[in-house]
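Q: This is the structure I want to talk about, given as structure tokens.
The values are calculated or read from the model by the stated rules, or taken from the named source; none is laboratory data. Please read all numbers here as calculations on a predicted model, not as lab measurements. Please note: Cβ atoms are built from the backbone with ideal geometry, for glycine as well, and neighbour counts cover all protein chains shown. The protein model used for the area step is the full one, side chains on, heavy atoms only, and it has no ligands, DNA or RNA in it. Shrake-Rupley method; radii C 1.70, N 1.55, O 1.52, S 1.80 Å.
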Amino acid sequence: MSDPTATKLIVFDVNETLLDITTLAPLFTRLFGRADVLREWFPELILYSQALTLSGRYAPFGALAGSTLRMVGANHDVAITDDDIAELKSLITAMPAYADVAPALTKLQNAGFTLVTLTNSAPSPSPTPLEKAGINHFFDRNFSIADLNVYKPHPKTYDMVAQAYGVEPQHMCMVACHLWDIIGAQAFGCSGAFIARPHNSTLDVPDMPQPDFIAQSLDALADQIIAAHQAT
């Protein structure tokens, strides 16, 4: 069972939790004439990453992102070129951090927590997306599922972090704007902190645990985590 008061290690999802994917919207406007197709492509990307893992298969996240864009293009009768995919990959590596990220990470770091990231994206050479966004210095380590060839929310992904730090799951808290990520972390034994980014909400299903922390901003989420820790 998770224990949100026992948190020592805070694990952050990256894409859309820390980095703003809405900056990809102009590409989708150019390709499809509608920015909201971004919200069709990204869930399909997550769906097929999980389908591959459940099927015992794997494709690198960048390759899957490009293939999913081609699939969405075919669904809209839009031809996606190699240049379009190259632009997508370039934009993904240059997404800025949300405005609430640095203040929240500063609070958590000053409170004594160890901060790390766990992402579906593959490692990239310096400057990395987190370095470009100006927030990499907050993190002790950055973990990628590419080291395992399985995508979140497979338990191996969370276990990779736990094993690296020699901690039990109950001492870890997963922070994400994707509820499926938190469901996976909580099933592994971590606590879960949900940040309600646009187009992301909680899910009320009978007998399914809700996130231990829920907030509309990362700053407010940090305050909740710190308060719970100080209450012990």
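Q: Considering only residues that are in a helix (DSSP H, G or I) and touching a strand residue (DSSP E or B) at 6+ places or on another chain (Cβ under 8 Å), look in segment 102-113 and name the one that is surrounded by the most Cβ atoms within 10 Å (Cβ to Cβ).
A: Going residue by residue through segment 102-113, those that are in a helix (DSSP H, G or I) are 102-110.
Right, trim to touching a strand residue (DSSP E or B) at 6+ places or on another chain (Cβ under 8 Å) and you get 105, 108-109.
Details: Leu105: 23, Leu108: 25, Gln109: 17.
Going through the qualifying residues, I end up with Leu108.
Q: Looking at segment 91-131, which of the residues that are among the hydroxyl-bearing types (Ser, Thr, Tyr) and over 18 Å from the mean Cα position of the chain (by Cα) is modelled with the lowest pLDDT? Before you say what the answer is, go through the steps one by one.
A: Taking segment 91-131 and keeping what is among the hydroxyl-bearing types (Ser, Thr, Tyr), we get 93, 98, 106, 114, 117, 119, 121, 124, 126, 128.
Narrowing further to those that are over 18 Å from the mean Cα position of the chain (by Cα): 106, 126.
Values: Thr106: 98, Ser126: 93.
Here the answer is Ser126.
Q: Next question. Whether any residue in segment 219-230 is of a type outside the set (Asp, Glu) and under 16 Å from Leu118 (Cβ atoms) is what I want to check.
A: In the first step, residues of segment 219-230 are kept if they are of a type outside the set (Asp, Glu); the result is 220-222, 224-230.
Keeping just the survivors that are under 16 Å from Leu118 (Cβ atoms) gives none.
Taking every residue of segment 219-230 in turn, none turns out to be of a type outside the set (Asp, Glu) and under 16 Å from Leu118 (Cβ atoms).
Q: Also: Considering Ala187, Ala176, which residue is of a type in the set (Gly, Ala, Ser) and over 16 Å from the mean Cα position of the chain (by Cα)?
A: Values: Ala176 fails: over 16 Å from the mean Cα position of the chain (by Cα).
Going through Ala187, Ala176 in turn, just one is of a type in the set (Gly, Ala, Ser) and over 16 Å from the mean Cα position of the chain (by Cα): Ala187.
Q: Can you pull out every residue in segment 114-138 that is hydroxyl-bearing (Ser, Thr, Tyr), farther than 13 Å from Ala94 by Cα and either in a helix (DSSP H, G or I) or open to solvent by 30 Å² or more (accessible area, probe 1.4 Å) (or both)?
A: Thr114
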